[in-house]
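Single-structure report; data block below.
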Amino acid sequence: MNGASDFRYHKHKMSKNVVIPVELYKSLRGEYFIGYASDLTFGKGRYAWARLYNPFHSGVNLHVHVWTVSDVLESSFRAQFWFNAEPPGIAIFSPQVICTNTAVLPNPKPQVRLQFCSDVVSEPESGIKAFERAGLSGTTLTANENGKLIFPPGGSFLIFLSAPDETEKRIRGSVGFGWWEEPVSFKGIK
């Protein structure tokens, strides 16, 4: 075979593959959600938190894709990241949650709940403080977890905000999340 006919032969044998990021795939399926809790207040010996809580009856696993802590302008701050903790205070459900694929009608509702609370006086109980980050005034903390933080029904991913001990300022901030949900499978990974 010469070069031209060789190319035509192989051209017909090729297959086309399209690779898309998992978050786009989940969004196309109506399974990717974003939400935030704004105007969280802390400082002067008080704390604030926001979390993704996966209810026991949800039937889904929560995959945390991205988180942000922003709009903290008054002071430096610390963010602690807790897995499956019991937070202090009375949880408020954030209405600022939406499926990212607004073309799906009716717009899917998440099983996972975004909750928050301000001005609490103690730290979370139980659970695991997995890591923490420090932020300067006016900076945004963010990380793309790519769905590797996975919480079954009853689990949660909590961001706990505090200010340096010496500050006497009231501080405001916001926490945002992006996540997807997958039905629980009891088959396990092979």
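Just so you know, all these numbers are worked out from the coordinates, no wet-lab data involved. Predicted model, so just to flag it, every value in this text is computed and none were measured. Note that each Cβ is placed from the backbone with ideal geometry, even for glycine, and that neighbours are counted across all protein chains shown.
Across all directions, the average flat footprint of the convex hull enclosing the Cα atoms of the stretch 21-183 is 9.0 nm². For the chain, the longest principal axis of the alpha carbon atoms and the long axis of helix 3-13 meet at an angle near 60°. Placing +1 on the Cβ of every Lys and Arg and -1 on the Cβ of every Asp and Glu, with no other charges, gives the chain a dipole of roughly 940 debye about its Cα centre. Packing around the peptides 169-178, 148-157, taken as the average count of other Cβ atoms within 10 Å per residue, puts them in this order, highest first: 169-178, 148-157.
Among 97-110, 66-79, 41-54, the peptide with the highest mean count of other Cβ atoms within 10 Å heads the list, and the full ranking is 41-54, 66-79, 97-110. Each other residue within a Cβ distance under 13 Å of PRO124 adds +1 if Lys or Arg and -1 if Asp or Glu, for a net charge of -2.
Computed from backbone phi with θ = phi - 60° and the Karplus coefficients 6.51, -1.76 and 1.60, the 3J(HN,Hα) list for the stretch 21-33 is x, 4, 5, 5, 4, 5, 5, 4, 7, x, 10, 10, 10 Hz; x is used for glycine and proline. Scalar couplings 3J(HN,Hα) for the stretch 153-163, obtained by applying the Karplus form with A = 6.51, B = -1.76, C = 1.60 to θ = phi - 60°, are x, x, x, 7, 10, 10, 10, 10, 9, 9, 10 Hz; x denotes Gly and Pro.
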